[in-house]
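*Asks:* Please see the structure below; I have some questions.
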Amino acid sequence: MSSHEPAESAAPEETEHEGTGRSPGRRGWLIAGVALLACAGLVGLVGHGLLGTDEQPQRGAAPSAEVTYDVTGTGTAEISYLARGEAGTATVEKSVTLPWTASVRMPLDKTPAVTIVLDEKGGQASCTLTVRDKHVQRATAIGAFGRAACTGETRTRQD
């Protein structure tokens, strides 16, 4: 070959960066994806009142309602009732002198309930269930070991 012959044409430009094995397009998509995720996170923070507002979200606070259990009558009774955070187990109070009352906050997905059992002396006692200051149910126990139960819903049509 003579020195005047044209040199072989140069190899076409490669689209990959040397040694990385990735094309510039892939890197651009990666940067765009990270930027999109960052923006989405920022929008989420603003939407939840963390940036630029005085509102603070209540983390882990399930919607709840005020529930009042009342037991009226004379003598003593065993009273069982449900309160917030109890995983399906009732609080039981034995040999309670009547009248008795308790107010608790109940999650909207739980059903409030109170039951009464009179002792061997009997008598008469009534349980009353009130949710959000509205009477829901009343039941009466009569006689030795008489029983009564009141249950209701914490949700309303607006919930």
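The values are calculated or read from the model by the stated rules, or taken from the named source; none is laboratory data. The structure presented is a predicted model; accordingly, all values stated were derived computationally and were not measured. All Cβ positions, glycine included, derive from the backbone under ideal geometry; neighbour counts span all protein chains shown.
*Asks:* Just wondering, is there one or more residues in region 45-64 that are modelled with pLDDT of 90 or more and surrounded by 14 or more Cβ atoms within 10 Å (Cβ to Cβ)?
*Replies:* Scanning region 45-64, I find no residue that is modelled with pLDDT of 90 or more and surrounded by 14 or more Cβ atoms within 10 Å (Cβ to Cβ), so the answer is no.
The rows are residues; the columns are (1) among the β-branched types (V, I, T); (2) in a strand (DSSP E or B); (3) in contact (Cβ under 8 Å) with a residue 60 or more places away in the chain.
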site	(1), (2), (3)
S95	no, yes, no
M106	no, yes, no
V114	yes, yes, no
L129	no, yes, yes
C150	no, yes, yes
